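Remarks on the structure that follows.
Read-outs throughout are calculated quantities, based only on the coordinates presented, and are distinct from any laboratory measurement. This structure is a prediction, so every number in the text was calculated from the model and none was measured. Virtual Cβ from ideal backbone geometry, glycine too; neighbours counted across all protein chains shown.
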Amino acid sequence: MGLKLLVIGEGGREHCLAWALARSSQVEQVYVTPGNGGTATEPKCCNLTLNSLDFAGLIRFARQEAIDLTIAGPEAPLAEGIADAFQAAGLLLFGPTRAGARIEASKAWAKKLMHRAGVPTAACRVFTDIQQARGYVRDTPVPLVVKADGLAQGKGVTVAMDTDTALDALDQLVRLGECGRTVVIEEYLSGEEVSVLAFTDGTTILPMLAAQDHKRIGVGDTGPNTGGMGAYAPAPLVTPEVMARIEREVLAPTVNALAREGIDYRGVLYAGLMIDREGTPRVIEFNCRLGDPETQVLLPLLETPLEEVLLSTVHRQLEQVHLQWRPGACACIVVSADGYPGPYRQGDPITGLDRAREGALIFHAGTRQVDGKLLSGGGRVLGVSALGAGLEQALALAYAAVGEVDFTGAYHRPDIGWRALSQTK
């Protein structure tokens with residue numbers, strides 16, 4: 001009998017997780033809840049209708065089906081303590097406890113942890129009084145970065161190049177409710193952004209390949225922030241020397257600081273970094289889970305069976321694992337709905353996926369199956385990933401596949417990878 005696994009979530013990250021796990025000969029069945037139109041038809045996968053915050057229902061199902069390991073995809077259930085609930089029930093779950101998830105759920109808490117640990121990051125001020133925050137913005141030279149302290153589903157960060165934008169960002173955070181009640185205002189960091197994700201069992205740290213996400217909706221990284229419009233890996237910006245600095249100056253001190261806080265951190269530690277011209281890394285923010293769309297370029301390159309890495313992390317045996325990566329590169333192009341990241345169209349039929357699959361991997365993000373038809377059902381609809389001998393080939397294959405996909409109002413950025421490509425010319 002093979003492993004029976006449960007993946008919690010409904011986006012492109014979760015489809016990619018399910019795909020990566022299901023392709024292993026050691027895995028018998030992957031349940032995904034609630035899943036999407038892609039996981040509904042993925043071999044060895046089955047969608048459920050359980051809510052990701054219904055911990056009692058998820059635990060009941062895991063016991064009933066003898067699930068060997070549950071994987072929490074998004075941050076919300078981790079921040080609410082799903083790992084604690086599963087541990088109390090004697091069940092295995094991949095992901096940090098509620099205390100560990102604070103590293104993403106509270107930017108102010110994460111900043112304090114970094115300062116105590118000596119981790120390089122932007123200087124900041126934290127406010128719980130919006131009028132005091134307004135006064136600080138008026139008196140402080142721009143640019144500034146204005147952030148909601150809590151989880152805001154990608155809507156809580158504004159890079160303000162002028163004072164009016166910063167003040168408007170504060171007004172927007174007030175409208176977010178609880179997650180925007182505490183405000184973090186940071187200095188603006190110059191350089192290039194990169195994502196370095198690592199598996200850790202609280203002692204051993206295994207960094208993945210560096211990836212670069214494209215968060216803005218528009219060409220040349222313009223317009224409002226999104227959940228991510230595309231990514232690629234490996235990012236040439238992170239040389240072996242820079243990666244060694246990231247491990248030494250960011251990852252190791254952070255994991256050690258969590259341990260000193262008495263936090264049992266087992267899962268993924270995701271460092272969103274700014275790298276300056278000298279190769280100095282500084283932390284923009286930490287996340288407590290796999291990234292989306294970074295997952296869609298990292299897992300296709302991972303040769304080590306994913307379930308072995310996840311189980312070794314949970315069992316604190318990560319020192320026995322050596323991550324192996326296939327040569328070449330992977331690129332992912334996100335296809336979004338008309339209107340995203342604002343109010344967007346839904347319910348449009350999607351066609352062309354069979355042709356697109358001939359040269360790429362299609363990971364569903366916001367889709368659903370209705371009466372045998374695949375319909376759009378989210379802001380980010382699909383992630384089209386492709387492998388290549390190098391970045392240029394991976395991008396060419398991914399864009400060729402995107403050209404086959406069709407639904408009303410479909411949008412994608414035509415310049416994913418532009419920073420890396422400009423450095424090679």
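Summary table below
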quantity	calculated
Among T226, H115, G328 the positive-end extreme of the charge dipole of the chain (Cβ point charges)	H115
Inverse of mean 1/r across different Cα pairs in region 163-269, Kirkwood, Å	16.6 Å
20 Å-binned pair-distance histogram of the chain (Cα, whole percent)	27, 61, 12, 0
Among R216, R116, R98: highest mean-square fluctuation, GNM of the chain, C-alpha pairs under 10 Å	R116
Region 1-148: translational diffusion in µm²/s, Stokes-Einstein, Kirkwood Rh over Cα pairs, 20 °C, 1.002 mPa s	122 µm²/s
Chain lengthening between R260 and A123 when straightened (0.36 nm per residue, less Cα-Cα)	47.0 nm
Two-site FRET efficiency, E319 against H115, from Cβ-Cβ distance with R₀ of 41 Å, rounded to 0.05	0.90
Cα gyration tensor shape of region 123-187, rounded if a/c is under 1.5, else prolate or oblate by comparing a/b with b/c	prolate
Amide N proximity, region 165-180 versus Y188 label position 7 Å along Cα-to-Cβ, cut-off under 14 Å	165-167
Tail fraction, Cα-Cα pairs, region 310-378, threshold 15 Å, whole percent	69 percent
Residue order, fewest to most surrounding Cβ atoms within 10 angstrom, among R60, R102	R60, R102
All-pairs Cα distance distribution in region 209-306, expressed in whole percent, bin size 5 Å	2, 11, 18, 23, 21, 15, 7, 2, 0
I130/S25 FRET efficiency (R0 45 Å; Cβ-Cβ; nearest 0.05)	0.20
Selection from Y136, V174, I185 lying farthest towards where the dipole of region 123-187 points positive, charges on Cβ	V174
Rounded to the nearest 20 debye, dipole of the chain from Cβ charges on Lys, Arg, Asp, Glu	380 debye
Long-range HN-HN contacts of W325 with modeled amide H, under 5 Å	E303
Kirkwood hydrodynamic radius (C-alpha pairs) into Stokes-Einstein, region 94-234, 25 °C and 0.890 mPa s, D in µm²/s	149 µm²/s
In the chain, lysine pairs closer than 17 Å at Cα, eight or more apart or cross-chain	8
